[in-house]
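Data first, discussion second: the structure below is written as structure tokens.
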There are 4 protein chains.
Amino acid sequence: MRAGPRESIYFEPGKVKAAIVTCGGLCPGLNDVIRQLTITLEEYGVNDIKGIRYGFRGFFEQEGELRQPIKLTSDLVETIHLEGGSILGSSRGGSDTSDIVDAIAEMQLDFLFVIGGNGSHAGALAIDNMCRERNMPTAVIGIPKTIDNDILLLDRTFGFQTAVDEAIKAIRSAAIEARSAFNGVGLVRVMGRQSGFIAMHAALASGEVDVCLIPEIDTTLEGQGGVLAHVRRVLTRKEHCVIVVAEGAGQEILGKMGETDASGNPVLQNFAKFLQKEMKEKLADCSPDIKYIDPTYMVRACPTNGSDAVYCSLLGQNAVHAAFAGLSGVTVGLCNGHYVYLPIPPLISRAREVDPNGRMWERLKLAIQQPVFSASA
Amino acid sequence: MRAGPRESIYFEPGKVKAAIVTCGGLCPGLNDVIRQLTITLEEYGVNDIKGIRYGFRGFFEQEGELRQPIKLTSDLVETIHLEGGSILGSSRGGSDTSDIVDAIAEMQLDFLFVIGGNGSHAGALAIDNMCRERNMPTAVIGIPKTIDNDILLLDRTFGFQTAVDEAIKAIRSAAIEARSAFNGVGLVRVMGRQSGFIAMHAALASGEVDVCLIPEIDTTLEGQGGVLAHVRRVLTRKEHCVIVVAEGAGQEILGKMGETDASGNPVLQNFAKFLQKEMKEKLADCSPDIKYIDPTYMVRACPTNGSDAVYCSLLGQNAVHAAFAGLSGVTVGLCNGHYVYLPIPPLISRAREVDPNGRMWERLKLAIQQPVFSASA
Amino acid sequence: MRAGPRESIYFEPGKVKAAIVTCGGLCPGLNDVIRQLTITLEEYGVNDIKGIRYGFRGFFEQEGELRQPIKLTSDLVETIHLEGGSILGSSRGGSDTSDIVDAIAEMQLDFLFVIGGNGSHAGALAIDNMCRERNMPTAVIGIPKTIDNDILLLDRTFGFQTAVDEAIKAIRSAAIEARSAFNGVGLVRVMGRQSGFIAMHAALASGEVDVCLIPEIDTTLEGQGGVLAHVRRVLTRKEHCVIVVAEGAGQEILGKMGETDASGNPVLQNFAKFLQKEMKEKLADCSPDIKYIDPTYMVRACPTNGSDAVYCSLLGQNAVHAAFAGLSGVTVGLCNGHYVYLPIPPLISRAREVDPNGRMWERLKLAIQQPVFSASA
Amino acid sequence: MRAGPRESIYFEPGKVKAAIVTCGGLCPGLNDVIRQLTITLEEYGVNDIKGIRYGFRGFFEQEGELRQPIKLTSDLVETIHLEGGSILGSSRGGSDTSDIVDAIAEMQLDFLFVIGGNGSHAGALAIDNMCRERNMPTAVIGIPKTIDNDILLLDRTFGFQTAVDEAIKAIRSAAIEARSAFNGVGLVRVMGRQSGFIAMHAALASGEVDVCLIPEIDTTLEGQGGVLAHVRRVLTRKEHCVIVVAEGAGQEILGKMGETDASGNPVLQNFAKFLQKEMKEKLADCSPDIKYIDPTYMVRACPTNGSDAVYCSLLGQNAVHAAFAGLSGVTVGLCNGHYVYLPIPPLISRAREVDPNGRMWERLKLAIQQPVFSASA
């Protein structure tokens, strides 16, 4: 359904009580979305806008004064987008849906805007369902947030392009360190638990990467066609090498030796650190001088670049239009160049991934001259 | 036609002589495109890659040593994308097509890559036609360059998003100057001769703009519904005001009092400066403290952000694929999310413009609370 | 007198009423100083801290609600240093001293901190004198602010190093524009009405400047040893040239043809623009492609770099120590590496200038290979 | 001895063979110094300038083609200062002095410029002594390089202010992460093995630090007056906390449990990581959400800010003046505001340290409200 303002609105703006919550890890643009939601709500005439503190926890852990929701106004949010982070605070992890819905009922919320990832959208959906069951009028609208850009159907997620810009800075530093040492190796670990979009785009954009490892493709370290032999060849040719590793890459190697958590899921191991150790040992004859950089929190805490700022503004506007149009249990996003409203379930069915046979990955391989890694050359 | 590598190639790479030329004003990404063209040509096996100096002039004004083409190699271009500008140099203005084609013939060029705007694409087309007439095998491939983002059919042009990022910095400075003075007015003139895309996007992204004037919409200064009265109201409410003016805005006002050039075209007047004068006079009772910023050359000289860097790389790759596929007289770009080859004539028939009735302009007006300016309120 | 905390303090902190005012043009660091004054006052135990709006005007033009002083607290100022400008607002120009002192008396201020340049320090001195005459206990403490770094006795003024950093960015853009055009000339006008410190330091630091013109040295344009002939030689050798002009340079040339104001002082003419015109005419055979950049407001509106941030913090702390020590009519600064309190009159007797025969100017000339300009070669 | 050009020079410039070597870890400004040395040597008339690859190793490990010295010219170095790192490459660790002197003799070097830290200055001194013993005319000039700013007698070392600027960025990210989480703790590890200058200045400049730990002061973790109790109090008051730890801090705690290397020196442990673990355990009731950032390589790989760029230029100029003046075995630096030549031994006798009883540390404690940590409150 195409997003945008509607002719009829289903709420009397002056009486609407709205709330905004940000969930999960930081991502550039949270404040931009909060700001535009607030401004657009005020434009409609809404005066009662609450900012829930520290994610869903803010609904059911309201002990101290600081945990009370913030009253949001356009004056308060005027320049919050100039800084990264979330002025509301955020937190990972869920909670009991009925506790949240109790709090929503107590606050008599008409609108709830949930800015979060797959897990939080699942939470939003559960909240929406329970509101329907209890005959509450609350419209629950999601705004998809994942710095990894791994949400199905969407052209991209907000903050992703900014994250790429910032990851490039780390890669650039790694490249300078690498070039300034004999057989210098710059090793950068970037975000991307299940999807390698940040690694792929930052590697391509930086123009300074020799090896890019992503979760979607099993990593072959050993053998003539493996990563280690490739790094050795790059060092021989250029005397330095730059490697980008998405945090979810190489887990199949470590998984065999790693732990699983209570639910049996493999705990994400630090494969970049493992690769560092492997290179030190198995390329010892090259004496590689390895510099490891993990820019994760410096990326997450950034304010948005222009393109993401525009995107966040439009997501914020359209989320408010959706609520006034009487929609609930939907999310908003850019899909094939159009802003649309989407039902939540298909979006969160699984993570969007880089296609190892797709054009984009082919382009990266061409640009950085990376072979398909395999045990034989 | 979908862009990308082809199964059959129509040239023997080891014998190919290629040349690259950059035309017109600077735009972030020129070096990125030059770099990727060079790297991709080398990947195909091309060894003879010439960089023509200072635009089309480099073809027919080869006097001094410095004007000789640069021999481009992947080593030479390795890090040129880290700096703005064009390592080849650029120049505005055309030249006699037959002189250029004579030079192409003398150099025995198989490929010519023209990175330039509408005028240069018209030049590329004329070169292509004359090459066909003379039965020369030269493939002429365009790569559209316009910082204004005003090329028809394309989703965007390279450098545009970077330009928006940089324009935002100027707007931010203007906003700080405005807020720090009583009735402070920050006035920023941004690029956009015929199209207001930079102004619109930067105004929306910055979140600090009160008035945005673009060439596509005639500007009404006077009257209760005019710009001056709106600025007065903003000052009364907030004690400061930020205005963004695309360079082509308001020409219909100045045109009446301005000059025309030899061809009868109106010479672009500095409307932002005119507006400054008007505000000083007609808002004299507010004593507006106006700070004028023109960031044009600081924007044009920037290196690319991540998103533009990726775009430039893919344009460069696809331009080379096109040449090897035997195409000529085409240009490459992103169209509805796909990289495609396009014939030149429809692209350059006129400038792409912001639709004053479109969604994007509506979203901007909502976000910055700008009315439709008209003589009556 | 060495600055710092004293053993005895002459005020009872809990009863102190303090006010802060920022005067004149913007300069990086105003918010840093306001912030540290506030934090240090609170540390001493002061609770009543007023921020006067828009310079000295805020004392006697208190009409609307917005003009009322802001109540400053450490919570309010916590992150104001992250943005440029002054949260209090500033304004140029003085006012009647007795009006200001009336307002001070009415507010029963014990401390007044005046952040401003030579003019504002003269104002602070007059206020201090009148307070003494009226037997008011108010301690008036100055904090010297001039982006031009032109205050006598001080090692440097806050914001200056940041200004140099930002001016370098403009020079870098100018250099890229210059290199990317045939006979490209990048022309940058930087701050410096009477003193060329910003021009000199930015030219030296950027490593990309060929000509640096400052107010302290009369400019010779014509003749074999003049600027124009030098630019021609640089163009012949390098095909591009970068010129930095302090705003006060070349006034002796324009003064002859320029206006004087009511007091007979020459109004500062835009010599950089004049030089642009001269080069177009007198180097017409080179067809110089001149790009003019004036980064003034983008420089002034910047937040501080680390070194200036430290400096501002220490100025703020020491200003508060001075007030509690019972001093008045003094200013604080870094002098030969030590933080000291200084009487105002010697500081403001004239502008500090670059010594044309000094080491620093010699070093610049060596680094950029600039001759002494004179009519004969 | 005051630095600068001399009336008499002791070498015939046209016959001088000079070499430059960069040693140790990266530091902002290496390329600036290399550049200015080259430019100044050329100004004197020197044509034979060699850049030794990868530190002292480049003297005795000249196997492959890439290890051959680079021929340095002002054209080659024109823009190298725009990027961080060292175009020569660098390496840690020494080598046999006689091997190096053999290589110097074979190259017939008249000048050797050694850009390095304490160890490399000791090396330079040994080289100088052996050259004297062998009656070689080689002038050996040091340029002190340590990002930690820990060289005795000098006002500061080049790259330090840039390092502070960059460290602040990491602190800012940590502060945003901290504020955006409930009981969020931003933990930043910055450089400073023996001296806490970077930590102290970055903490003061950032204005966002609550705790700053440096090597000069033993760290008390436990007890009512310890760091952990202070962090708990900060969390209770503000719900977030930002901590900066110099890499050499807290070693006295870890040393008891840590290893010593072959020489008996304690290997530097990662105290910041230890502190993270301690906080998780001992503040478990607060559930601190700790984000750890180590920006080391992103700081080291930076290009200089303006102030450091000026400093590097003047060091480069003065080092060349020293060599031509016939000095050897000296180093150059800024001392009480003057550029001087200094004998090497006193400089490297020990590391310069922050004075725990000095004014600067007092100012920091006042600014960030940090108590003296001790077991009892």
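Data overview
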quantity: All positions within the stretch D:131-145 that are open to solvent by less than 40 Å² (accessible area, probe 1.4 Å) and over 21 Å from D:Thr38 (Cα atoms); calculated: D:Cys131, D:Met136
quantity: Residue match in the stretch C:128-138 (condition: at pLDDT below 95, assigned to a helix (DSSP H, G or I) and assigned by TED's automatic domain parsing to the domain that holds C:Leu342); calculated: no
quantity: D:Arg6 in contact (Cβ under 8 Å) with a residue 12 or more places away in the chain, open to solvent by 50 Å² or more (accessible area, probe 1.4 Å) and under 30 Å from D:Gly337 (Cβ atoms); calculated: yes
quantity: The stretch B:341-365, residues that are among the hydrophobic types (A, V, I, L, M, F, W, C) and modelled with pLDDT under 95; calculated: B:Leu347, B:Ile348, B:Ala351
quantity: Qualifying positions in the stretch B:291-313 - out of contact with any Gly (no Cβ under 8 Å at 6 or more places or on another chain), more than 8 Å from chain A (Cβ to nearest Cβ) and hydrophobic (A, V, I, L, M, F, W, C); calculated: B:Met298, B:Val299
quantity: Hits in the stretch A:131-176 - residues which are of a type in the set (Val, Ile, Thr) and over 23 Å from A:Val21 (Cβ atoms); calculated: A:Val164, A:Ile168, A:Ile171, A:Ile176
quantity: From B:Thr146, B:Thr157, residue being within 14 Å of another protein chain (Cβ to nearest Cβ) and more than 22 Å from B:Ala367 (Cα to Cα); calculated: B:Thr157
quantity: B:Leu88 vs. criteria hydrophobic (A, V, I, L, M, F, W, C), in contact (Cβ under 8 Å) with a residue 60 or more places away in the chain and over 26 Å from A:Leu204 (Cβ atoms); calculated: no
quantity: Selection within the stretch B:341-366 - open to solvent by less than 20 Å² (accessible area, probe 1.4 Å) and within 14 Å of chain A (Cβ to nearest Cβ); calculated: B:Val354, B:Gly358, B:Trp361, B:Leu364
quantity: Cross-chain or 6+ apart pairs with Cβ under 7 Å, the stretch A:177-195 first and away from every other protein chain (no Cβ under 14 Å) and open to solvent by 10 Å² or more (accessible area, probe 1.4 Å), then assigned to a strand (DSSP E or B) and not polar (S, T, N, Q); calculated: A:Gln194/A:Ala351
quantity: Among (1) farther than 30 Å from A:Ile34 by Cα; (2) in contact with a strand residue (DSSP E or B) (Cβ under 8 Å, 6 or more places away or on another chain) - the single one A:Ala202 does not satisfy; calculated: (1)
quantity: Residue among C:Leu204, C:Leu221 that is within 14 Å of chain D (Cβ to nearest Cβ) and in contact with a Leu (Cβ under 7 Å, 6 or more places away or on another chain); calculated: C:Leu204
quantity: Test: residue in the stretch C:272-285 that is under 17 Å from the mean Cα position of the chain (by Cα), of a type outside the set (Asp, Glu), within 30 Å of B:Ala174 (Cα to Cα) and more than 9 Å from every other protein chain (Cβ to nearest Cβ); calculated: no
quantity: Matching residues, the stretch A:180-199, being part of a loop (DSSP other than H, G, I, E, B) and under 19 Å from A:Ala284 (Cβ atoms); calculated: A:Ala181, A:Phe182, A:Asn183
quantity: Residue check for A:Arg6: assigned to a helix (DSSP H, G or I) and not hydroxyl-bearing (Ser, Thr, Tyr); calculated: no
quantity: For A:Cys335: the one exception among (1) in contact with a helix residue (DSSP H, G or I) (Cβ under 9 Å, 6 or more places away or on another chain); (2) within 14 Å of chain B (Cβ to nearest Cβ); calculated: (1)
quantity: Criterion (over 30 Å from D:Tyr10 (Cα atoms) and not assigned by TED's automatic domain parsing to the domain that holds D:Val21) met by exactly one of D:Ile171, D:Ile147; calculated: D:Ile171
quantity: Listing of helices (runs of 4 or more DSSP H) fully contained in the stretch B:21-117 that carry 3 or more residues being more than 8 Å from every other protein chain (Cβ to nearest Cβ) and either on the phi > 0 side of the Ramachandran plot or buried (at least 24 other Cβ atoms within 10 Å of the Cβ) (or both); calculated: B:30-44
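The values are calculated or read from the model by the stated rules, or taken from the named source; none is laboratory data. All figures in this text were calculated on a predicted structure; none of them were measured in a lab. FYI the Cβ positions are ideal-geometry reconstructions off the backbone, even for glycines, and counts take in every protein chain you see. Heavy atoms of the whole protein, side chains included, go into the accessibility calculation; ligands, DNA and RNA do not. Shrake-Rupley method; radii C 1.70, N 1.55, O 1.52, S 1.80 Å.
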